[in-house]
Amino acid sequence: MTLIAADEVAEQKGGGGKDPQPTKAIEGRAPLQLAWARLRKDKVSLACLGVIVLLVLVAIFANQLTDLIGHPPNEQYRDEGLQPNGLPVAPSSFFWLGGDEVGRDVLSRIIHGARVSLLVGVVATAFAVLIGVTIGTMAGYFGGVIDTFLSRTMDVFLSFPFLLFAISLVAVKGASLRISIFVIAFFIWANVGRIVRGQVLSIREKEYVEAARSLGASDLRIMVVDVIPNLVAPVIVYSTLLIPTAIVFEATLSFLGLGVPIPTPTWGNMIATSQSTYLQAPWYLLFPSLALFITTLAFNLLGDGLRDALDPRAARVLARK
């Protein structure tokens, strides 16, 4: 039998000695790669992501930044930081964002306040997501009596009055960073649980879950391997929207004297202490409020962008309405 070389076969198929046009291979991309490609086209979300990264860096290097400024957050400058009549000094080359009611640097305190706000927001949200995903997955997957019991439990947690519970707990335990994180996580985990439960009710009827069940996979394995990975996208989006909620809750507690105790700088207690001088020194109220506003706005807009990037079908549906 005569063996024909591969190049000769290709030449015969191409005809006339011309090489056929090479076919471009189709490259597959993972869902996260597709989501990142969509997110890169959203300039607003990228700008918000940049703001959040900058805030995180400010919080991490707060001590180094205040050393560079030369004004520790709790240092009182009664000569340079206060006017002769006892009011805070206006923004100047000494205090770039002005001083507060006792002569401290507002910029330095805002920088350290970012550390507290982001720490509380991220840690409280992490605890809430961990509890909410666990409870919501169990309720949606098992259904029946378990679903009824866990759903009513979430309803009970959602019915607790936030401020009354915070006041009661602080009266017993005292105000602290840990208490603030616990109170906020206590009130937001049930929201995560209800959303996760609704998603799991839909996922458990999918063909791949039925196939895993028919092959004898245990309930724990199905939840961990087949159900929870499909919750990653909505949980990431909702977590991004929960962080600013937790930050606002922390600011509210600090404003009311129920959060992180003074003199630790937080945006909430800075806004609270500015009430006595905001007419004569509006910068002391303006700049902490602006920091809180920019942070919450950046997280919310990033959450909207992540939702559209991870689920483009939802964005198209909303665009038609």
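Kindly establish whether ALA251 is touching a helix residue (DSSP H, G or I) at 6+ places or on another chain (Cβ under 9 Å) and under 21 Å from TRP189 (Cα atoms). In short, yes.
Would a scan of the range 213-221 turn up a residue that is among the hydroxyl-bearing types (Ser, Thr, Tyr), in a helix (DSSP H, G or I) and over 21 Å from GLY259 (Cα atoms)?
Yes: one or more hits.
The listed residues are ALA166, ALA175, ALA190, and the only one of them that is part of a loop (DSSP other than H, G, I, E, B), within 20 Å of GLY121 (Cα to Cα), among the aliphatic types (A, V, I, L, M) and touching a Leu at 6+ places or on another chain (Cβ under 9 Å) turns out to be ALA175. Restricting attention to the range 74-101 and to residues that are of a type in the set (A, V, I, L, M, F, W, C) and under 15 Å from ALA281 (Cα atoms), the residue that is nearest to the chain's Cα centre (by Cα) turns out to be LEU97. A search for C-beta distances below 6 Å between a residue of the range 129-156 that is within 22 Å of VAL209 (Cα to Cα) and any residue that is modelled with pLDDT under 90, counting only pairs 6+ apart in sequence or on different chains, returns TYR141/ARG204. Taking each residue of the range 57-81 that is of a type in the set (Val, Ile, Thr) and looking for partners that are in a loop (DSSP other than H, G, I, E, B) with beta-carbon atoms closer than 7 Å, six or more apart or interchain, yields THR66/PRO72; THR66/PRO73. Hey, can you tell me all the residues within the range 60-115 that are surrounded by 16 or more Cβ atoms within 10 Å (Cβ to Cβ), among the charged types (D, E, K, R) and part of a helix (DSSP H, G or I)? Once the filter is applied, which keeps residues that are surrounded by 16 or more Cβ atoms within 10 Å (Cβ to Cβ), among the charged types (D, E, K, R) and part of a helix (DSSP H, G or I), the range 60-115 yields ARG109, ARG115.
Select from the range 116-143 the residues that are part of a helix (DSSP H, G or I), more than 28 Å from LEU253 (Cα to Cα) and either touching a strand residue (DSSP E or B) at 6+ places or on another chain (Cβ under 9 Å) or of a type outside the set (A, V, I, L, M) (or both) and list them in ascending order. Walk me through it before giving the result.
Step one: filter the range 116-143 for residues part of a helix (DSSP H, G or I), giving 116-142.
Subset that is more than 28 Å from LEU253 (Cα to Cα): 137-142.
THR137, GLY140, TYR141, PHE142, listed by residue number.
Within the range 265-281, the set of residues being under 15 Å from ILE110 (Cβ atoms) and either out of contact with any Leu (no Cβ under 8 Å at 6 or more places or on another chain) or not polar (S, T, N, Q) (or both) comprises PRO265, THR266, TRP267, GLY268, ASN269, MET270, ILE271, ALA272, THR273, ALA281. When ALA233 is tested against (1) farther than 24 Å from GLY81 by Cβ; (2) surrounded by fewer than 18 Cβ atoms within 10 Å (Cβ to Cβ), exactly one condition is not met: (2).
The values are calculated or read from the model by the stated rules, or taken from the named source; none is laboratory data. Computed from a predicted structure; not experimentally measured. Cβ sites come from the backbone with ideal geometry, for glycine too, and all protein chains shown count toward neighbours.
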